[in-house]
1. Restricting to region 8-29, name every residue that is out of contact with any Lys or Arg (no Cβ under 9 Å at 6 or more places or on another chain) and under 20 Å from THR76 (Cα atoms).
2. Collect the residues in region 147-177 that are among the small types (Gly, Ala, Ser) and buried (at least 18 other Cβ atoms within 10 Å of the Cβ), keeping them in residue-number order.
3. Would you say LEU110 is within 15 Å of LYS74 (Cα to Cα), touching a helix residue (DSSP H, G or I) at 6+ places or on another chain (Cβ under 9 Å) and of a type outside the set (Gly, Ala, Ser)?
4. Exposed (fewer than 13 other Cβ atoms within 10 Å of the Cβ) and aliphatic (A, V, I, L, M): does that describe ALA279?
5. Just a yes or no: is a residue in region 65-75 in contact with a Pro (Cβ under 6 Å, 6 or more places away or on another chain) and touching a residue at least 60 places away in the same chain (Cβ under 8 Å)?
6. What pairs come out if I take residues in region 242-269 that are within 20 Å of LEU231 (Cα to Cα) and pair them with residues that are at pLDDT 95 or above and of a type in the set (D, E, K, R) whose C-beta lies under 7 Å away, six or more apart or interchain?
7. Give the number of residues within region 120-171 that are touching a Ser or Thr at 6+ places or on another chain (Cβ under 9 Å) and among the small types (Gly, Ala, Ser).
Amino acid sequence: MIVRRTCREEILAKLTAKIAREEPVFIASAGSGLVAQLLESAGADCINTFPGARLRANGMGTMSMLWPILDSNKQTLDYTEQDILPAITGDAFICACVNANDPLRDMISLIERLKAMGVFSISNIGPSISYVDKDSQLFKVLNKSGITFAHEVEMLKVAKEMGMVTIGLAFDEEDSRALLEGAAPDVFCFHAGTTKGGRRGYDSGETIEETAQRTEEVNQMARGIVPEVILIAHGAAMETPEEAQYILDNTTCHGIWTGSSTERLPIEKAVYAAAKQFADLRRR
């Protein structure tokens, strides 16, 4: 297979042209080559790879990537190179979500490897320290051990200087401000929370109206820091296309980022329904 190469300038030109046409930018996660093919065919602009997506493809919840049973960066590098890149045409670009707090890996070397593979976009969510509640003992211990959000910000800053399109994610206003001021990412996504629904989703009880309101509050702050930043919504109550439409109608986001909504949930429903029909067959 020969994977079509792209570059930072081409990616940003595509995104800005789409925004100028008032068409939403569409980022979607893929844990397998088949899902990546389908996402690209459906019109996704960006296919996102990260260990949580791969584990979702294996029937586990996204947050299982936080359990220290795997090398998250190795998972992302391996399956991006072996499963995702050969499966797509290159109409969609790939964003690799990496663990910037990997104590055994130099981030510059990791970025260079991604570029050599043909990946020219990177994010800080694979996984992020932000998944851990700040008021928890675990968060304090991790920070004391050198696992910090500041490393994620620095990774994005360096990646942008190295010619990558950077997609920054943050879970609250404090981290959003730190990321925007420190890294000035090309794309910023306020991560509203784990997507609800299905067998492994988590429903916090938040309504789509509340998700939209929290997202827009951060959007306004983001524009004040990086006026040209592309703003994307993700997570929490945004599970269905109708809820995503509500976000687009009631925030100033330029687009959406789906994970479970276009990967785990459709697979759960479609495969179960088809298999149940076969399982219910009887000899006549």
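1. ILE27, ALA28
2. ALA159, GLY168, ALA170, SER176
3. Yes; evaluated as a whole, the condition is true for this residue.
4. When the stated conditions are applied, ALA279 passes them.
5. To start, the set of residues in region 65-75 that are in contact with a Pro (Cβ under 6 Å, 6 or more places away or on another chain) comprises 65-66, 72, 75.
From the residues that got through so far, the ones that are touching a residue at least 60 places away in the same chain (Cβ under 8 Å) too are 65-66.
Taking every residue of region 65-75 in turn, at least one turns out to be in contact with a Pro (Cβ under 6 Å, 6 or more places away or on another chain) and touching a residue at least 60 places away in the same chain (Cβ under 8 Å).
6. Once the first residue is within 20 Å of LEU231 (Cα to Cα) and sits in region 242-269, its partners that are at pLDDT 95 or above and of a type in the set (D, E, K, R) give THR251/GLU216; THR252/GLU216.
7. Summing the residues that are touching a Ser or Thr at 6+ places or on another chain (Cβ under 9 Å) and among the small types (Gly, Ala, Ser) in region 120-171 gives 6.
Residue-wise test of (1) modelled with pLDDT of 95 or more; (2) surrounded by fewer than 18 Cβ atoms within 10 Å (Cβ to Cβ); (3) in contact with a helix residue (DSSP H, G or I) (Cβ under 6 Å, 6 or more places away or on another chain); (4) of a type in the set (A, V, I, L, M, F, W, C).
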residue	(1), (2), (3), (4)
LEU12	yes, yes, no, yes
ALA17	yes, yes, no, yes
GLN37	yes, yes, yes, no
ARG54	no, no, yes, no
ALA100	yes, no, yes, yes
PRO103	no, yes, no, no
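The values are calculated or read from the model by the stated rules, or taken from the named source; none is laboratory data. If you're wondering where the values come from, they're calculated on a predicted model, not measured in any experiment. For neighbour counting, all protein chains shown are included, and Cβ atoms are generated from backbone atoms with ideal geometry for every residue, glycine included.
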